[in-house]
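Read-outs: derived from the displayed coordinates by stated rules, not from any lab. All values reported here derive from a predicted model rather than from experimental measurement. Methodologically, a virtual Cβ is constructed for each residue, glycine included, from the backbone with ideal geometry; neighbour enumeration extends over all protein chains shown.
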Amino acid sequence: MSEAETREKIRTMLLENFLKGAAPETLKDDVSLERAHIVDSVRTLELIMFIEETFGFTVENDDAVPENFDTVNAIVAYVERKKGS
């Protein structure tokens, strides 16, 4: 799966589950999902479960930090690193 496909899967999940009815352009790839009130602790867990199921790896506790999950760009970079390891 390419980085573009990874990005699309993550964006689609966020739009369909956390931003129901929002136009795709409202989700900016570099905006903090927490500060924009798109995710909270429960939604972050949902996002992690989605990533594990979709991309086939386990998110380790040490990796479940805001630096990896606060923006679409950060999530994509994290998934790409994990896919490459």
For the chain, the percent of all C-alpha pairs falling in each 5 Å bin, from 0 up to the bin holding the max distance, is 2, 14, 30, 29, 17, 6, 1, 0
Expressed as a whole-number percentage, the relative contact order of the chain with C-alpha contacts under 8 angstrom and at least six residues apart is 39 percent
Ignoring trypsin sites (Lys or Arg not before Pro) buried by more than 16 other Cβ within 10 Å or outside DSSP loops, the longest site-free run in the chain is 36-85
Computed for the chain: size of charge dipole around the Cα centre, +1 on C-beta of each Lys and Arg, -1 on C-beta of each Asp and Glu, debye to nearest 20, value 200 debye
Helix-only [θ] at 222 nm, the chain, -39500 (n - 2.57) per DSSP H run of 4+, per residue, nearest 500, equals -17000 deg cm²/dmol
